[in-house]
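Below: one structure, written as structure tokens.
The values are calculated or read from the model by the stated rules, or taken from the named source; none is laboratory data. Just so we're clear, the structure is a prediction, and the values are computed from it rather than from any experiment. Note: ideal-geometry Cβ built from the backbone for every residue, glycine included; neighbour counts use all protein chains shown.
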Amino acid sequence: MHGKFFVTGAAVACLFAEINAAGGISGKKIALKTEDTGASSTDALNAMNRVIEGKPLIIFGSMISPHVFAQTDAVNKSETPLLVGATNAKVTAQGSKWLFRTHVHDGQLAELIPEYLVKTLGKTKPGIMAVADDYGLGASKSIQAALAKLNVSPAAVTSYAPSDKDMSAQLLEIKDKGADSLILFGRPADVALVMKQMGELGIKLTTIGNASMVAQTTLNNLSAADADGGTAIGGMIPQTSTDPKITDWAKRVLDKYKVPADNFTVSYYDTVYMLKSIIEKVGCDKAAIRDALAATKDWKGLLISYQADAQGDLAHTLGIYRNKGKTPELIGPIKETGY
């Protein structure tokens, strides 16, 4: 089930084709059924119901959190393992024993971004700017709570509509209130606009945010000067790796789909091969697959190792990235508290 994030869904389908070409899983070929989740939660639920009618062994779900919330009850009733990349922290707090997430989530970012900004970069008067939808406003609220635990009050808290093209008023408010840094939480297109407008306004602040700060689709729309120094904490991206296996795979994704592999593509790649290894051990039994997912510990993926917690989250290692011009560089990994 892929919806508007077609490239990631197509990349998963391509991996299945490669596995089948190499003999399948324990000699059995993978049969794949795809559905478009559409734009609304209702469409997403209808798509899930069509998938469930086919009695699948496993379901790869959406990266869009409202879709997953709408689908969870149907998945629970079907007793089918559902693997998702949706980032709302509450996705795995629904009490479902069939739902697992293999991508980092916004709750981890909301904790680690303020911690790194304050403790490592030494900034104590951040401005906050987030896209004004459930994704951004939820993150902004959690970031403010994390800052409070660090005894830091934001200089300004601002937001912008997803369709906005001019964020100068918010940027000037943050500057005028004496901010020493900016926490920026949005999607690649609007993050690029904010960073570009900072350059146009001559605003120079240490800027840190989610993975959109270093996403190739963001950097493609920025000059080297505007991108330089932008810092991100988020899911691991393949662009900084020197491992031939990873660089070759990322190149094949780019060549085939004309869109660079990103942190979500990495997550779903790992999910495919994690499930392959599980099925090879426990067979085609849904409950056994679920139990094996819940027991996952130190499973090595492309860029991180995975470990299941009690809620079904498997990704607890994130990357700290900083742009050197238009090239993201890995500063190092950072782990969720307790891992």
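Data for the structure
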| read-out | value |
| --- | --- |
| Options 265, 217: the member that is outside any loop (DSSP other than H, G, I, E, B), crowded, with 19+ Cβ neighbours inside 10 Å, β-branched (Val, Ile, Thr) and at pLDDT below 95 | 265 |
| Segment 287-318, residues that are charged (D, E, K, R), assigned by TED's automatic domain parsing to the domain that holds residue 28 and surrounded by 17 or more Cβ atoms within 10 Å (Cβ to Cβ) | 290 |
| Filter result (under 17 Å from residue 177 (Cβ atoms), in contact (Cβ under 8 Å) with a residue 40 or more places away in the chain and outside any helix (DSSP H, G or I)) within segment 194-214 | 205, 206 |
| Single residue of segment 100-116 satisfying the filter (more than 24 Å from residue 160 (Cβ to Cβ) and more than 13 Å from the chain's Cα centre (by Cα)) that is surrounded by the most Cβ atoms within 10 Å (Cβ to Cβ) | 100 |
| Unique residue being outside the structural domain of residue 331 (by TED's automatic domain parsing), surrounded by fewer than 17 Cβ atoms within 10 Å (Cβ to Cβ) and free of Cβ contacts under 8 Å to residues at least 60 places away in the same chain when the list is 97, 119, 90, 28 | 90 |
| Boolean, residue 75 is crowded, with 21+ Cβ neighbours inside 10 Å, at pLDDT 95 or above and over 23 Å from residue 262 (Cβ atoms) | yes |
| Qualifying position, being in a helix (DSSP H, G or I) and either assigned by TED's automatic domain parsing to the domain that holds residue 142 or more than 19 Å from the chain's Cα centre (by Cα) (or both), among 68, 51 | 51 |
| Residue pairs meeting the criteria (Cβ under 9 Å; at least 6 apart or on separate chains; first touching a residue at least 40 places away in the same chain (Cβ under 8 Å), in segment 308-321; second of a type in the set (Lys, Arg) and assigned to a loop (DSSP other than H, G, I, E, B)) | 308/297; 312/97 |
| Any chance residue 279 is in contact with a Pro (Cβ under 6 Å, 6 or more places away or on another chain), crowded, with 17+ Cβ neighbours inside 10 Å and not in a loop (DSSP other than H, G, I, E, B) | no |
| Residues of segment 40-69 satisfying the condition of being buried (at least 17 other Cβ atoms within 10 Å of the Cβ) and of a type in the set (Ser, Thr, Tyr) | 41, 62, 65 |
| Filter result (assigned to a strand (DSSP E or B) and among the hydroxyl-bearing types (Ser, Thr, Tyr)) within segment 145-175 | 158, 159, 160 |
| Test result for residue 179, within 21 Å of residue 212 (Cβ to Cβ), assigned by TED's automatic domain parsing to the domain that holds residue 206, in a loop (DSSP other than H, G, I, E, B) and among the aliphatic types (A, V, I, L, M) | yes |
| Pairs with Cβ under 6 Å, 6+ apart, first in segment 134-146 and assigned by TED's automatic domain parsing to the domain that holds residue 161, second in a helix (DSSP H, G or I) and of a type in the set (D, E, K, R) | 139/106; 146/111 |
| Segment 151-210 - residue that is among the hydrophobic types (A, V, I, L, M, F, W, C), touching a Ser or Thr at 6+ places or on another chain (Cβ under 7 Å) and surrounded by fewer than 18 Cβ atoms within 10 Å (Cβ to Cβ) and, of those, farthest from residue 113 (Cα to Cα) | 201 |
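Yes/no per residue for (1) more than 18 Å from residue 318 (Cβ to Cβ); (2) within 16 Å of the chain's Cα centre (by Cα):
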| position | (1), (2) |
| --- | --- |
| 198 | yes, no |
| 202 | yes, no |
| 218 | no, yes |
| 227 | yes, no |
| 237 | no, yes |
| 240 | no, no |
| 253 | yes, no |
